[in-house]
Amino acid sequence: MKVIPTQLREVLLLEPKIHEDARGLTYESYNQRVFREVTGVDIKFVQENRSRSAKHTIRGLHYQLGHAQGKLIGVLSGELFDVAIDFRKSSPTFGKWAGFHLSGREHRYAWIPAGFGHGFLALSEGVEVIYKLTDFWDPAHERVVRWDDPDIAIRWPFPGKPLLSKRDAAAPLLKDAEVFP
């Protein structure tokens, strides 16, 4: 597995070795031992979710306090622009973000540790995402920050108005949000 660094030291892109021939392709999408070796992180995933999004949908910027979740994110079909934001107040990279493209063609995964927010923009129609979580979803601890917060200044590769949930559209700015210590 190849590890590709991002703008944030702890956020990594993981590229599996693809075995492809005339029959199609196969690859190991997750191996706990290899994940530990390449990331230096020994975690246990407890939940796996899937979502499908229409083109120009933004989901995020989501995170959980109290039951913080590390996320391993991949795209089964389509393409998206994925972002991770450091929401750890004590971190030297607090409020900074890393952005990268993920697609069903490349088979890369993004490792986003606990303490980071996450969001994505669907760049193609019907983007299907799969993500493994290190803690269970807990609606009482779920938080969201505005996707277009000027202090974070994410450069989304879409100049128009995205499709948003009511919750994401009404999210607070980072300066008004509850974050990690």
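Being in contact with a Leu (Cβ under 8 Å, 6 or more places away or on another chain) and polar (S, T, N, Q) narrows it down to one of Gln47, Gln7, Gln64, so name that one.
Checking each option against the conditions leaves just Gln47.
Looking at the stretch 1-33, which of its residues are closer than 27 Å to Phe87 by Cβ, among the polar types (S, T, N, Q) and without any contact (Cβ under 8 Å) to a residue 24 or more places away in the chain?
Gln32
Condition first: part of a loop (DSSP other than H, G, I, E, B), within 18 Å of Thr57 (Cβ to Cβ) and at pLDDT 95 or above. Can you find one or more residues in the stretch 79-100 that meet it?
No, because not a single residue in the stretch 79-100 is part of a loop (DSSP other than H, G, I, E, B), within 18 Å of Thr57 (Cβ to Cβ) and at pLDDT 95 or above.
Identify all residues within the stretch 101-115 that are in contact with an Asp or Glu (Cβ under 7 Å, 6 or more places away or on another chain), crowded, with 19+ Cβ neighbours inside 10 Å, of a type outside the set (Gly, Ala, Ser) and outside any loop (DSSP other than H, G, I, E, B); write none if there are none.
Leu102
The values are calculated or read from the model by the stated rules, or taken from the named source; none is laboratory data. None of the values given here were measured: they were computed from a predicted structure. Cβ atoms come from the backbone with ideal geometry, glycine included; neighbour counts cover every protein chain shown.
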